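What follows is a single structure, written as structure tokens, with notes after it.
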Amino acid sequence: MRVLHLFPFAIGALAIGQPLTLAFTDTSGGLKVGGTGAAPTIIIDAKDWPGVTRAGNDLANDFGLVTGSRGKLATSMTGISNSSVIIAGTIGKSPLIDGLISAGKIDVDATKGKWEAFTSTIVSDPAPDISSALVLAGSDKRGTIFALYDISEQIGVSPWYWWADVPAKKKTAIYALPTTKIQGPPSIKYRGIFLNDEQPALTNWVKQTSGFGKYDSRFHAKVFELLLRLRANYFWPTMWDSKFYVDDSRNGPLADEMGIVMGTSHTEPMARADKEKVKPWDWKSNQANLKRYMQEGATRAKGWETLWTMGMRGDGDTASPTLDKTQLVDVITYQQSVLKSTLGLTELSKVPQMWCVYKEVGGYYQGGMKVPDDVTILWSDDNSGNIQRLPIPSEVNRVGNAGVYYHFDYVGDPRNYKWINTIQLSKTWQQMHLAWARNATQIWIVNVGDLKPLELPINHFLDMAYDMSQFLSPASTDPWLVLWATREFGSSVASRTAEAMATYGKLILRRKYELLNNSPFLYSTIYYDEAESVLNEWVALEARAQALYTALETDTQIPFFEMVLHPIMAGHGVQRVYINAARNKAYVTQKRMSANTLATDVKNAYANDAVIQKRYHGLIGGKWNHMMDQLHFGYTNWQDPSANSMPSVTTIPTTAPSTGLLGVSVQNSAASSPADATPALLGIDPYTPENRTIDVYVRGSGSVAFTITPSKPYVVVTPASGTLSYPSGTSDIRAVITVDWTSAPQGSSAVDIVIKPATGTEVKLTLPLSNIAVPSDYKGYVSSNGIVAMEVGRFTSRTAGSGGATMEIIPNYGRTGQGITSMPISAGTQTLSTSPKAIYSFFATSASTTNGKLSIYLPPSFNVAPSTPLKLAIALDSAAPTTITPVPSSTLGTMPGGWSESVINGARIVNLDIGKVSQGNHEISVWILEPGTVIHRLVIDLGGGKSSYLGGWESGFVE
């Protein structure tokens, strides 16, 4: 992306990440181009592209939305009396623009002949009747269209004004700044979206709510406008039960008119829809009919801008039982011959074509299939956001280059995910930045399912594709989120909205909603208070989002609900159902009467899911009815269940056991006393990150008073007494233990804690204490109860490697905190002596009695360059480093070992034996030896680790 003479952009900007050319107060040398009662005249030559005129009309309407005064379109510079003038046109297509170039009024040397570039500048005396005008000169059709929509975004009209109901930001005056802006070409040549898996939600909406009735040109006009406003240019249409070119004869011409490059999915060759396929769909047995089918596709689309899908797969998005690499070359050879004859060309280097390396197709390529040099190789992710392969050195100079087919939505193994947004933006950044750095820059296309629930990740993906220069830093995602929230909801809530969505990304990466029904349940109901703590994270997030929503104006609440509050609220509801169903099962075994309360809570949360759905469907008089029809409860395999279903819950009888009404349980034990063996309290020290607690509860109907008495005054339990009752009143109390370490004895000791009911059997617990102090000059993590859980952003030190390689933090990455990776990608493969390194200090409060185990948490990434797989090295103190290649090698088109588990869990965990660990200070050194390798957590089990999904909460850290 080349940009000259830039005005700095700031958080308050209404355009995301692009240089500002407008202001809302008078500026020296500026030009007023609109305001209350002062609509601009937008001049577009009649000989320019119809799509440019169409975008000009949109800009005129947008001025009306923002200022109350709609702009006017004109085709000539003569007879213009308005002082607010915008002249827009395409170099070589607009006589008006060409005349200004010939007269030396504008300089287009930096954009002429470039792909989708434009110049924006104020020109004095562009015509006798016009003293000054803002001139937008595009290098081609889309360059001019992007220039016009750039003005729309800057004045306060979001690209999502229709699709997410973002209100225009009102302005009383708009001024063009005295600066020249040169923008383009984009970072990725062809960038767009694939509407897929569109049933039931999008299709039900189209047929029953939208007013379109089918996927016709009216529907596609809305989609195409959104894409252009988002600076995208490429589109794969829906395929489940639709035929783009057949359903409405206006679809094809409309795309070409508006400036959208049409494509078709990886399983739909030669601009033909899946539902148009001839039967049998088999090159070996039905070649003549397939050839005619492909020729018809080329003939139909030859006059429109098309990116041709080459090759073929089996019928119904499956592998072909008869195709092999030789026959697939024959298919592509025939397809290219058809394009040459139909388009009247002798060679195809300037005709965009792509062959998607998807699933079994990868095996053909790895088997030695030779792909024509002018065909773009479109590498795919694993359908779950992990790119499988990227160009290697021998492939980077191909004429057709390479691209990426990515997923925000999927139907298939290990589980469908197509309900609402489950995308962590920082992960998308890491994968797509890697693709850009490895020269996969010809095509980026992302599967977005129904479109509507994925506004945020779509915007982020396409902004990166348009201008990766704004996303070179691993820390770029959070500032982008603030800019996005500013544009959509205003600066007053922007930073807090960005924080909320970054937190949401962390919570949803842990496991997609459709996978929460897997057994055993992922979050521990015994150790680390994990299940309850995760639920509390969701509760807190929804409370924050609700507070932001309440603070907004009514018209802004609607898009905030659609894009922020709804996914948080609906997501919290699903998490609540599954977490409390798991807690219900645990409490039933303890005979807690609150098991019944949890059963009711699960039923209420499940019922409330339908209420949230109804609220969404009722927005704006039912505008988005059916858009949340997707099932999301009760999956048992990869396919949708036949209906939503609630997980089972159990209620227990109210008869108290013979040992009495009062029950006692503690963290890290499923026991309930009296009756079970007395549970053991985990020890506590000054660095223990979580509270030590005691749960006191009733195990039947009735009331019981109790007291909790520690045997030493320096241990305090709050509350120290209370009354429990069921079915009315409070049935459970969680008492928190605190220690006055200044009064507690040094070293190891123990304190008894007696829980005495007014009637029944008392319970005596023993709390182990370890009153230790790390050295006064120590900085780093401290073990507690035989575990050290470290977030990778908290390194003690880091050193750079060769080639400018440094260890960088990716904020809000992974399941709990941050990621670390080596940057830049261009630094290449490293050795131990050249690699960047991070050091993590930890203090072992006691010596391990068994070998320590280091668990390294990584994303479910692939070895995108097979000859240089992802690689890191780890060492404890001065021990020889252990080199780790975390991802097993695999054949292209198949998944590496452990893939399904890592995708389900949002992490690949590698365990390393680090031997006996002595008491005292230690260091873990981490080297990243291959770019693209990311680590997002380190957990050391010194003998006290407990089974949990997240690996325990972050250990205490001494600053």
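The values are calculated or read from the model by the stated rules, or taken from the named source; none is laboratory data. Keep in mind the model is a prediction, meaning the values are calculated, not measured. Neighbour counts are summed over all protein chains in view; Cβ atoms, including those assigned to glycine, are modelled from backbone coordinates with ideal geometry.
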Inset, instruction - Grab the strands (runs of 3 or more DSSP E) fully contained in the range 761-811, keeping just those with 2 or more residues being without any contact (Cβ under 8 Å) to a residue 60 or more places away in the chain. - result: 797-799
Legend entry - Yes/no for residue 486 being in a helix (DSSP H, G or I), in contact with a helix residue (DSSP H, G or I) (Cβ under 6 Å, 6 or more places away or on another chain), among the β-branched types (Val, Ile, Thr) and farther than 21 Å from residue 609 by Cβ: yes
Inset, instruction - For residue 623, indicate whether it is of a type in the set (Lys, Arg), outside the structural domain of residue 944 (by TED's automatic domain parsing) and in contact (Cβ under 8 Å) with a residue 12 or more places away in the chain. - result: yes
Inset, instruction - Among the candidates 288, 298, single out the residue that is in a helix (DSSP H, G or I) and touching a strand residue (DSSP E or B) at 6+ places or on another chain (Cβ under 9 Å). - result: 298
Inset, instruction - Any chance you could count how many residues in the range 212-237 are in contact with a Lys or Arg (Cβ under 8 Å, 6 or more places away or on another chain) and either within 14 Å of residue 452 (Cβ to Cβ) or free of Cβ contacts under 8 Å to residues at least 12 places away in the same chain (or both)? - result: 2
Inset, instruction - Spot the failing condition for residue 256; the list is (1) in a helix (DSSP H, G or I); (2) at pLDDT below 95, and only one is missed. - result: (2)
Legend entry - Among (1) under 23 Å from residue 489 (Cβ atoms); (2) in contact with a Phe, Trp or Tyr (Cβ under 6 Å, 6 or more places away or on another chain); (3) buried (at least 22 other Cβ atoms within 10 Å of the Cβ), the one test that residue 592 misses: (1)
Inset, instruction - Check the range 720-740 and report whether any residue there is among the hydrophobic types (A, V, I, L, M, F, W, C) and part of a loop (DSSP other than H, G, I, E, B). - result: yes
Inset, instruction - Answer yes or no: is there a residue in the range 618-638 that is surrounded by 20 or more Cβ atoms within 10 Å (Cβ to Cβ) and small (Gly, Ala, Ser). - result: no
Legend entry - Hits in the range 234-247 (condition: in contact with a helix residue (DSSP H, G or I) (Cβ under 6 Å, 6 or more places away or on another chain) and either buried (at least 20 other Cβ atoms within 10 Å of the Cβ) or modelled with pLDDT under 95 (or both)): 237, 239, 244, 245
Inset, instruction - Sort out which residues of the range 108-142 are over 22 Å from residue 51 (Cα atoms) and either touching a helix residue (DSSP H, G or I) at 6+ places or on another chain (Cβ under 8 Å) or not assigned by TED's automatic domain parsing to the domain that holds residue 152 (or both), and write them in order of number. - result: 123, 126
Inset, instruction - Looking at (1) over 27 Å from residue 172 (Cα atoms); (2) part of a strand (DSSP E or B), find the lone condition where residue 123 falls short. - result: (1)
Legend entry - Single residue of 139, 152 found to be under 30 Å from residue 620 (Cβ atoms), among the hydroxyl-bearing types (Ser, Thr, Tyr) and buried (at least 24 other Cβ atoms within 10 Å of the Cβ): 152
Inset, instruction - Would you tally the residues in the range 656-674 being closer than 14 Å to residue 731 by Cα and among the polar types (S, T, N, Q)? - result: 1
Inset, instruction - List the number of the failed condition for residue 587; all other conditions in (1) of a type outside the set (D, E, K, R); (2) closer than 23 Å to residue 721 by Cα; (3) surrounded by fewer than 20 Cβ atoms within 10 Å (Cβ to Cβ) hold. - result: (3)
Inset, instruction - Give the residue, chosen from 405, 364, that is crowded, with 17+ Cβ neighbours inside 10 Å and in contact with a Lys or Arg (Cβ under 8 Å, 6 or more places away or on another chain). - result: 364
Legend entry - Unique match (being surrounded by fewer than 21 Cβ atoms within 10 Å (Cβ to Cβ) and in a helix (DSSP H, G or I)) among 214, 169, 207: 207
Legend entry - Subset of the range 178-201 [more than 23 Å from residue 231 (Cα to Cα) and of a type in the set (A, V, I, L, M)]: 201
Inset, instruction - Mind listing whichever residues of the range 525-543 are farther than 22 Å from residue 631 by Cβ and within 20 Å of the chain's Cα centre (by Cα)? - result: 534, 537, 541, 542
Inset, instruction - Please give the number of the condition residue 749 fails out of (1) buried (at least 17 other Cβ atoms within 10 Å of the Cβ); (2) part of a strand (DSSP E or B). - result: (1)
